1. Residues in the range 52-62: is at least one in contact (Cβ under 8 Å) with a residue 40 or more places away in the chain and either farther than 16 Å from Pro79 by Cβ or acidic (Asp, Glu) (or both)?
2. For Asp22, indicate whether it is surrounded by fewer than 14 Cβ atoms within 10 Å (Cβ to Cβ), more than 23 Å from Asn80 (Cβ to Cβ) and touching a strand residue (DSSP E or B) at 6+ places or on another chain (Cβ under 9 Å).
3. Sort out which residues of the range 25-36 are touching a Ser or Thr at 6+ places or on another chain (Cβ under 8 Å) and assigned to a loop (DSSP other than H, G, I, E, B), and write them in order of number.
4. Taking Ile43 as meeting all but one of (1) of a type in the set (Val, Ile, Thr); (2) surrounded by 15 or more Cβ atoms within 10 Å (Cβ to Cβ); (3) free of Cβ contacts under 8 Å to residues at least 24 places away in the same chain; (4) touching a Lys or Arg at 6+ places or on another chain (Cβ under 9 Å), write down the number of the exception.
5. In this structure, is Val39 among the hydrophobic types (A, V, I, L, M, F, W, C), in contact with an Asp or Glu (Cβ under 7 Å, 6 or more places away or on another chain), part of a strand (DSSP E or B) and at pLDDT 95 or above?
6. If you go through the range 1-15, how many residues are aliphatic (A, V, I, L, M) and either surrounded by fewer than 13 Cβ atoms within 10 Å (Cβ to Cβ) or part of a loop (DSSP other than H, G, I, E, B) (or both)?
7. Would you mention how many residues in the range 43-73 are of a type outside the set (A, V, I, L, M, F, W, C), under 11 Å from the mean Cα position of the chain (by Cα) and either part of a strand (DSSP E or B) or more than 21 Å from Thr4 (Cβ to Cβ) (or both)?
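The values are calculated or read from the model by the stated rules, or taken from the named source; none is laboratory data. Keep in mind that this is a model prediction, so the values were computed, not measured. Here the Cβ positions follow ideal geometry from the backbone for every residue, glycine too, while neighbour counts run over all protein chains shown.
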Amino acid sequence: GQTTYSTGNGPYAVVAADVNGDGKLDIIVSNYWSNNVGVLLNIGNSTFLTQTTYLTDSGPVGMTATDVNGDGKPDIIVPN
């Protein structure tokens, strides 16, 4: 079956990365009309927590997650 998770308005791009270092891929979504990025943490069994949002400038259109500063944790890069 299909499971639906709420995001902000105008979800534009989605990437998966282990944001919290627990070995599970989390979901990161750019929400164009909400001007934010949402992170849905994976708690196992294909279940994700409600998104935590981080403000961006106007209209985030895409994103990527990679370790920019070499600390072993993914950083979220958002062009807008």
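1. Within the range 52-62 (the criterion being in contact (Cβ under 8 Å) with a residue 40 or more places away in the chain and either farther than 16 Å from Pro79 by Cβ or acidic (Asp, Glu) (or both)), the answer is yes, since at least one residue qualifies.
2. Details: surrounded by fewer than 14 Cβ atoms within 10 Å (Cβ to Cβ): yes; more than 23 Å from Asn80 (Cβ to Cβ): yes; touching a strand residue (DSSP E or B) at 6+ places or on another chain (Cβ under 9 Å): yes.
Here the answer is yes, as Asp22 does meet what is asked.
3. Looking only at the range 25-36, we keep the residues that are touching a Ser or Thr at 6+ places or on another chain (Cβ under 8 Å), and these are 29-31, 34-36.
Listed by number, the residues that qualify are Ser34, Asn35.
4. Checking Ile43 against (1) of a type in the set (Val, Ile, Thr); (2) surrounded by 15 or more Cβ atoms within 10 Å (Cβ to Cβ); (3) free of Cβ contacts under 8 Å to residues at least 24 places away in the same chain; (4) touching a Lys or Arg at 6+ places or on another chain (Cβ under 9 Å), the one that fails is (2).
5. Numbers: among the hydrophobic types (A, V, I, L, M, F, W, C): yes; in contact with an Asp or Glu (Cβ under 7 Å, 6 or more places away or on another chain): yes; part of a strand (DSSP E or B): yes; at pLDDT 95 or above: yes.
Answer is yes for this residue.
6. First, the residues of the range 1-15 that are aliphatic (A, V, I, L, M): 13-15.
Checking which are either surrounded by fewer than 13 Cβ atoms within 10 Å (Cβ to Cβ) or part of a loop (DSSP other than H, G, I, E, B) (or both) leaves us with none.
Matching residues across the range 1-15 total 0.
7. So the count comes out to 5.
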